[in-house]
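Working notes, beginning with the structure itself.
The values are calculated or read from the model by the stated rules, or taken from the named source; none is laboratory data. Remember, predicted model here, so these are calculated numbers, not experimental data. In this analysis, Cβ positions are derived from the backbone assuming ideal geometry, glycine residues included, and neighbour counts consider all displayed protein chains.
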Amino acid sequence: MKAFFQSILSVLSIFYLVGCGGGGGDSSEKPPVSSSSVSIPSSSVSSSSTSGVITDPVNLSGTITFEWVPHKASRLGLDYPNTEVRPARSLVVELMDSSNNIIATGFTNETGFYNFIVNRNQQVRVRVKAQLKDSDQNLWNISVRDNTNSNSLYAVQGELAVITTDDEVRDIQIDSGWNGRSYRINRAAPPFAILDVLYQGIEKLKQANISKSLPALTVYWSEKNTTAEGDVTLGEIGTSYYSNGNIYLLGDANVDIDEYDAHVILHEWTHFLESSISRADSLGGDHGSTDKLDMRVAFSEGLANAFAGIMLDDSFYMDAMGVNQSTGFYLDIAEKSQNVQGWYSQGSIGSIVYNYYLSGDNRIAKSVVDLFTTFTRTDYIDYPGFASIFLFSEILQRESPDSFNTWVSLLSEQNIHSSNGNGVGEINTGGYTENLPLYKSLSLASPSVSLCSSNRNGSFNKLSNYQFVKIDITQTGTYRLSATKTVGTNTDPDFYLYLSGTQIGSGVSFLADEETLDVSLSNSTYILSFTDAKTLDDSITTDITHCFNLSLTGVGG
């Protein structure tokens, strides 16, 4: 005969664990709930770790669930009347005694189920942490914390009660806090919703057999996180974004919340993956589907949109906002009729990647293997040139040659004509002939090149702000790179030198009209990113185009 102690909570005690567990920082959605006895990669329940000696064993188990608010059928805003209850998967679950000591730790499985074997007649409570963790191989460890409350870890706990039965059940349901008209004081579900979205991303990595260990990641979410820019400890984050191993997500009700915007969360998580198991060359900054972007930015943002859609198997990128989260926007990542088409368009790149994912031409339709494997290959990560649609194309051809004709057709539909890693053969200039060739060449045999920097498409991270130079060095020694103005007034040339995507030197002085860098180089291929700092300044509203002569000379060996 079974007896049950039901602790099904519609309004939970949500609290913070200051300084506990987790680390990192990433993306924009709701965190999932931890559970005992099961690891993320396993569908079976495993035994939990328990402290002390079990002399009078009883079984304590339960299911952790959370409320998920879907988007409306129109894709504009959240659909609260159709709120779903979902299992909180692969979360850390702890059993606490009356003094708040941890007496057992476990994990939820794919159904949200946890299980402990413990002593009878103890006072205990179940606590689930906003921490998604791989219990088998420690490949990932993601936590959701409150940047407005000393970076505290979110957690939810059940009631403190004595175990008296042989098979005791304590379920926990984590409430969204929505009362039909507005949010109550306690919004417990968002951290767990965010984590469950990231769980879906991890499942896609597993499908692609990507087993690289990820750095610990922290997602910072707060009800106070709003669109104002300033002090992140006050919630002034501006927008949801990824930066330096952390994801920050909006949570300001009636303005913009992102905990149920799954595409937004996985978009930011893709940026985390770029920096941790792939390569991240993007400059960041503002970007849109009608912008002509720096090729590094266009590729990173387009890929992040596509990967978010692929991980969810949904091409419609949705973002809810406004009063009662009733409005927002959406876009179809798979749309082929982009307003701006080319290697500098995030819309073009997202469309190419997503439509290739759908293709069954000499590949399994909706397989993630070749795309994710290309993204993590060593020859992609270590390539001398920057991450771009051109580089991804070259490495994808090596990875999946039989289906590459489909990829080339998708490139052509977006007015992209090269699949060489350096863009050799590209004919789309983006409206300015100086944008091609993509990489100019410099060597002791050809020691000077003309470069122009322009803000004709906008500033900071737009097409034509930067030009790129491939520098071939055949003899180790010290070399001088010098830039001198040839066209323009009051210029400020700057350049950054890279080896396989890693910056190794820069010339960024405030000298007018010239710049110099002496640097030791070995036998290798280097990439120089060149700009005039004036074209990066968004306070300059007039169109400027400044040109320079860049030279390479040997100054010692």
ask   = Which numbered condition trips up A445, out of (1) part of a loop (DSSP other than H, G, I, E, B); (2) without any contact (Cβ under 8 Å) to a residue 40 or more places away in the chain; (3) hydrophobic (A, V, I, L, M, F, W, C); (4) surrounded by 14 or more Cβ atoms within 10 Å (Cβ to Cβ)?
value = (4)
query = Within the bounds of segment 204-213, is there any residue that is of a type in the set (A, V, I, L, M), touching a helix residue (DSSP H, G or I) at 6+ places or on another chain (Cβ under 9 Å) and part of a strand (DSSP E or B)?
reply = no
query = What about T489, is it polar (S, T, N, Q), surrounded by fewer than 18 Cβ atoms within 10 Å (Cβ to Cβ) and either in contact (Cβ under 8 Å) with a residue 60 or more places away in the chain or outside any loop (DSSP other than H, G, I, E, B) (or both)?
reply = no
query = Out of the residues in segment 312-334 that are in contact with a helix residue (DSSP H, G or I) (Cβ under 6 Å, 6 or more places away or on another chain) and part of a loop (DSSP other than H, G, I, E, B), which is nearest to K72 (Cα to Cα)?
reply = S315
message = For segment 96-117, check the following and say yes or no: at least one residue is of a type in the set (G, A, S), surrounded by fewer than 21 Cβ atoms within 10 Å (Cβ to Cβ) and either in the same structural domain as D256 (by TED's automatic domain parsing) or in contact (Cβ under 8 Å) with a residue 60 or more places away in the chain (or both).
response = yes
query = What about I349, is it modelled with pLDDT of 95 or more and part of a helix (DSSP H, G or I)?
reply = yes
ask   = Name the pairs: first residue in segment 377-394 and more than 16 Å from K212 (Cα to Cα) and modelled with pLDDT of 95 or more, second residue basic (K, R) and assigned to a loop (DSSP other than H, G, I, E, B), Cβ to Cβ under 6 Å, at least 6 apart or on different chains?
value = A387/R279
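Take the residues in segment 241-280 that are of a type in the set (D, E) and buried (at least 24 other Cβ atoms within 10 Å of the Cβ), then tell me which one is nearest to the chain's Cα centre (by Cα).
Result: E268.
One line per residue, one yes/no per condition, for (1) at pLDDT 95 or above; (2) among the polar types (S, T, N, Q); (3) more than 30 Å from V232 (Cα to Cα); (4) more than 26 Å from the chain's Cα centre (by Cα):
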{"site": "D79", "(1), (2), (3), (4)": "yes, no, no, no"}
{"site": "E84", "(1), (2), (3), (4)": "yes, no, yes, no"}
{"site": "L95", "(1), (2), (3), (4)": "yes, no, yes, yes"}
{"site": "N109", "(1), (2), (3), (4)": "yes, yes, yes, no"}
{"site": "F113", "(1), (2), (3), (4)": "yes, no, yes, yes"}
{"site": "A130", "(1), (2), (3), (4)": "yes, no, no, no"}
{"site": "V144", "(1), (2), (3), (4)": "yes, no, no, no"}
query = For the subset of segment 220-251 comprising residues that are touching a residue at least 60 places away in the same chain (Cβ under 8 Å) and β-branched (V, I, T), which member is farthest from E268 (Cα to Cα)?
reply = T233
query = Which is closer than 16 Å to D146 by Cα and either buried (at least 24 other Cβ atoms within 10 Å of the Cβ) or assigned by TED's automatic domain parsing to the domain that holds V264 (or both), of L198, L205, L214, L234?
reply = L234
ask   = Of everything in segment 518-555 that's free of Cβ contacts under 8 Å to residues at least 60 places away in the same chain and in contact with a Phe, Trp or Tyr (Cβ under 7 Å, 6 or more places away or on another chain), which residue is surrounded by the most Cβ atoms within 10 Å (Cβ to Cβ)?
value = L521
Some residue of segment 400-416 being surrounded by fewer than 21 Cβ atoms within 10 Å (Cβ to Cβ), modelled with pLDDT of 95 or more, farther than 22 Å from A334 by Cβ and not assigned by TED's automatic domain parsing to the domain that holds Y498 = yes
request  = Could you list, in sequence order, all residues of segment 400-425 that are in a loop (DSSP other than H, G, I, E, B), under 24 Å from Y466 (Cα atoms) and within 29 Å of the chain's Cα centre (by Cα)?
outcome  = Q414, N415, I416, H417, S418, S419, N420, G421, N422, G423
query = Counting only residues that are of a type in the set (D, E) and either closer than 23 Å to Y330 by Cβ or surrounded by fewer than 21 Cβ atoms within 10 Å (Cβ to Cβ) (or both), which one in segment 282-308 is modelled with the lowest pLDDT?
reply = D286
Cβ-Cβ under 8 Å pairs, at least 6 apart or on other chains, segment 290-306 side closer than 15 Å to G385 by Cβ, far side of a type in the set (K, R) = D294/K462
message = Step by step: first the residues of segment 379-399, then only those that are part of a loop (DSSP other than H, G, I, E, B) and among the small types (G, A, S), then the one that is nearest to F299 (Cα to Cα). Which residue is that?
response = S388
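Take the residues in segment 309-318 that are in contact with a Leu (Cβ under 9 Å, 6 or more places away or on another chain) and of a type outside the set (V, I, T); name whichever of them is surrounded by the most Cβ atoms within 10 Å (Cβ to Cβ).
If we filter segment 309-318 for residues that are in contact with a Leu (Cβ under 9 Å, 6 or more places away or on another chain), which is where we start, we get 309-312, 315-318.
Next, only the ones that are of a type outside the set (V, I, T) stay: 309, 311-312, 315-318.
Working: G309: 24, M311: 26, L312: 18, S315: 22, F316: 15, Y317: 23, M318: 22.
Checked segment 309-318; the qualifying residue surrounded by the most Cβ atoms within 10 Å (Cβ to Cβ) is M311.
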